[in-house]
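Read through the structure below, which is laid out as structure tokens, and then see the notes.
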Amino acid sequence: MKNEITYTQQGDYLLPDLRLPEQPKVEIGIWGRRHERYIKKYHKLRYFNLLTSCKLTAYLADIDREATEMFDRLVKQLAENEGVTEQLKADNQMMWIRCMNNIRNQVTEIVNNELIYV
């Protein structure tokens, strides 16, 4: 297999046509996108190293998976600890919604601090 380098003329210069290899199509959720925006803004070197080594997609997919698992696990644990049950949902829906929103907000802060904005 022969690798040929092609060039494009830009003014008086010939610039090589460099392209990154195709990366697998992976759905990256909210957590991965948040982390991507964070490292792109505050950790540019890490972002561009991952991007040019074609590891960014896999890295973001792993962060997204870990964050989703952590979020689900912590919501379940906090709901059990605070006594937020299906019985409460059946008896008093508004109280259940308030409690679950509070738990989700707490867990979102934890996940952001532990995985996303690091």
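The values are calculated or read from the model by the stated rules, or taken from the named source; none is laboratory data. Please read all numbers here as calculations on a predicted model, not as lab measurements. Ideal geometry is used to build each Cβ from the backbone, glycine not excepted, and the neighbour counts take in all protein chains shown. Accessible surface is based on the protein model in full, side chains and every heavy atom, while ligands, DNA and RNA are left aside. Shrake-Rupley method; radii C 1.70, N 1.55, O 1.52, S 1.80 Å.
Table for the structure above
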{"item": "Residue in the stretch 13-29 that is part of a helix (DSSP H, G or I), touching a residue at least 24 places away in the same chain (Cβ under 8 Å) and within 12 Å of the chain's Cα centre (by Cα) present", "result": "no"}
{"item": "Test: residue in the stretch 55-77 that is hydrophobic (A, V, I, L, M, F, W, C), surrounded by 15 or more Cβ atoms within 10 Å (Cβ to Cβ), more than 22 Å from residue 26 (Cβ to Cβ) and out of contact with any strand residue (DSSP E or B) (no Cβ under 8 Å at 6 or more places or on another chain)", "result": "yes"}
{"item": "Hits in the stretch 18-41 (condition: surrounded by 10 or more Cβ atoms within 10 Å (Cβ to Cβ), more than 20 Å from residue 109 (Cα to Cα) and among the charged types (D, E, K, R))", "result": "40"}
{"item": "Any pair with Cβ under 6 angstrom, 6 or more apart, that starts in the stretch 46-62 at a residue that is without any contact (Cβ under 8 Å) to a residue 60 or more places away in the chain and ends at one that is open to solvent by 60 Å² or more (accessible area, probe 1.4 Å) and among the β-branched types (Val, Ile, Thr)", "result": "57/26; 61/26"}
{"item": "Long-range neighbours under 7 Å by Cβ, at least six apart or interchain, first residue over 15 Å from residue 98 (Cα atoms) within the stretch 70-88, second surrounded by 16 or more Cβ atoms within 10 Å (Cβ to Cβ) and not basic (Lys, Arg)", "result": "70/111; 70/115; 71/107; 71/111; 74/107"}
